[in-house]
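Below is one structure, written out as structure tokens; comments come after it.
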Amino acid sequence: MNKNQKIKLYLFLFISAATIVFAILFPRLTLPFGFSYIIYLMSRPFTLRLTTGSTKQRLGYFFLMIIGIFFLGLPIFATLHNVDTDFSSLSSHLPELQKTLQNKYFAFKVKVFEDYGWQLNVDPVDYLIRKIEGFGAFLLTSFPNYLSSLFEWFLLVPLFLYFFFMESHRFSRRFLEAIPNPIFEKCYVLFSQFNTKFGEYIIAKFIEATILGTLVTGGLLVIGFPYPFILGFIAGITNILPYIGPIIGVVPAIFVALLSKDPNVTMLSMVIIYSLANLIDMVLVFPLLVSKIVNLHPIVVVVSIVVGSQVGGIIGVIVIIPFIAFFKLLFKEIYKDLSVNL
Amino acid sequence: MSYEKEIMEKSEKGESLGERLDIPLLKYMWDASPISFYNKENYHDFFKKISVLSSFSDNEIRLFTKFLHRREFMPNETIFKQGDSGYGFYFIFNGAVDVYANHNPQIESNGEFVIRLDKRQFFGEMGLLEEFNRRSATIIAAENTVLLGIFKPDLERMLEMYPVMGAKFLRETALIMANRMGQLTREIIALKKRVKELEQRL
């Protein structure tokens, strides 16, 4: 490698590192950018097909896309529409729930004192209620901030999306041209693999969450469990987190079952519904959709989720897994090269 | 009024044409002439003359060029080394490259010189087809060289977007490999024969 090539290589590495630092330092820009990129990658398989092939093929793909959006969108729309109703109902029942919770805890306290002679001095119900009230107050005070960031997202996401759809091809060409010769092949292949894996993973998780949410909502509706839509929605959203997601998703349903006075609402039936839905997910949906895309050790997945949530919140949690899968691929490639050259 | 009309009118009237030459018009005439078009070869003309794409229609060649990456190399710049992971197939658009084999990473040498490849020749097709390819030779630019490369992700995209064209390209690449395999087999047979002869002499 001569002097010019070395300068080019170091300059490229420096600019890449500076871009990463910039992305970490300015999450207000990076997060909407990442979100737009996710949407772009999700829609790319369809947009690619809509722009190539004969008119007949394009029309065929267009109709398939409309049907797909309808069948995927219908449960989401129905859930979101009913989540609002469920949420209002839950809010109106909160004082009642608080009273029931306090009564149950009081009975438990008395039983512990009678059976074991222990006086429980802590009051978790009061603590919980105070926390909920505090969270409500926090939401109210930070509402203007949320509103401004929401406004920012409404402005930035369409702008970035326009950029991705109209300019991404030219931009990626320019980016690839700037990669120095000695690392071009490897960079290009890794970059392409990352894009493919990332897009596939996001689509797969989205479909998986929709299927699980629909199954849980349907099951809870059948057994007459309260708040089926909000619980199904939570189960679908939390399912995005591997391993720990299904456990977090069932917690609100356990609370509802514990506090409900309705004799038809049983913990057992609810647990069966959640277990069945997660079983279908584990046996059918996950192996078919997700497992081939990301092949990581469970401990790596859990640690990655913690790191992802720390760095980028909800978006961080969603995108960290394909990022880790990409780094695994990268290290494997570097290791392979080192083992040949040594 | 165009330059030609002006000249024609002046010559009809018997007026003098003037000493000054209109350079931009001449430049246009020169650029538009078939001779200069032939010299200023574009990707389409380049691939029309390459055997690998002989079965491609004009439109297919046009689409094929969209999947290519132009890479420029300086003299003595390494394109890839023997043992590197290979992902791409290169066509020499301009310049020439030298092929070296038996490269030893312990010694700072390129290995033994095998052959020089010139314009319109190609190399690295194994990298496109094999799952885990290791380059079997070191390639170094002999002069200022422009390569047009197609890589695994491009081939996958091509097969997805234009399956007929992708299949044609794969068939042609497989044919190149089959020809090289045939050549290798013939060379092995000849070598075995030679070894046998030498053994008999001993």
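The values are calculated or read from the model by the stated rules, or taken from the named source; none is laboratory data. Everything quoted here is computed from the prediction, not taken from an experiment. Here Cβ is always computed from backbone atoms with ideal geometry, including for glycine, and neighbour counts include all displayed protein chains.
Looking only at region B:155-198, count how many residues are assigned to a helix (DSSP H, G or I) and closer than 30 Å to A:Leu48 by Cβ.
Residues that pass the stated criteria total 22.
Kindly evaluate A:Pro158 against the criterion of being within 14 Å of another protein chain (Cβ to nearest Cβ) and modelled with pLDDT of 85 or more.
no
For every residue, the table says whether it meets (1) of a type in the set (Lys, Arg); (2) at pLDDT below 80.
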{"position": "B:Arg20", "(1), (2)": "yes, yes"}
{"position": "B:Pro24", "(1), (2)": "no, yes"}
{"position": "B:Trp30", "(1), (2)": "no, yes"}
{"position": "B:Phe37", "(1), (2)": "no, yes"}
{"position": "B:Glu41", "(1), (2)": "no, yes"}
{"position": "B:Asp45", "(1), (2)": "no, no"}
{"position": "B:Lys49", "(1), (2)": "yes, no"}
{"position": "B:Asn59", "(1), (2)": "no, no"}
{"position": "B:Leu68", "(1), (2)": "no, no"}
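Give A:Ile183, A:Ile207 a once-over and let me know the one that is in contact with a helix residue (DSSP H, G or I) (Cβ under 9 Å, 6 or more places away or on another chain), under 30 Å from A:Tyr243 (Cα atoms) and assigned to a helix (DSSP H, G or I).
Unique residue meeting the criteria: A:Ile207.
Could you tell me how many of the residues in region A:1-34 are touching a residue at least 12 places away in the same chain (Cβ under 8 Å), within 14 Å of another protein chain (Cβ to nearest Cβ), of a type outside the set (S, T, N, Q) and assigned to a helix (DSSP H, G or I)?
Qualifying residue count for the region: 2.
Identify the residue in region A:182-240 that is in contact (Cβ under 8 Å) with a residue 60 or more places away in the chain and small (Gly, Ala, Ser) and, among all such residues, is surrounded by the most Cβ atoms within 10 Å (Cβ to Cβ).
A:Gly232
Among residues belonging to region A:165-179 that are touching a helix residue (DSSP H, G or I) at 6+ places or on another chain (Cβ under 9 Å) and more than 10 Å from every other protein chain (Cβ to nearest Cβ), point out the one that is modelled with the lowest pLDDT.
Filtering first and then ranking leaves A:Ser168.
Looking at region A:200-207, can you tell me whether even one residue there is within 25 Å of A:Gly68 (Cβ to Cβ) and within 14 Å of chain B (Cβ to nearest Cβ)?
Yes - at least one qualifying residue is present in region A:200-207.
Kindly provide the set of residues from region B:89-110 that are within 14 Å of chain A (Cβ to nearest Cβ) and modelled with pLDDT of 90 or more, ordered by number.
Hits for region B:89-110 are B:Phe89, B:Tyr90, B:Gly95, B:Val97.
Among the helices (runs of 4 or more DSSP H) confined wholly to region A:224-283, which include 1 or more residues that are among the small types (Gly, Ala, Ser) and over 17 Å from A:Glu208 (Cβ atoms)?
Answer list for region A:224-283: A:245-259, A:267-280.
Of everything in region B:79-96 that's farther than 16 Å from B:Met126 by Cβ and of a type in the set (A, V, I, L, M), which residue is surrounded by the most Cβ atoms within 10 Å (Cβ to Cβ)?
Per the criteria, the residue is B:Ile92.
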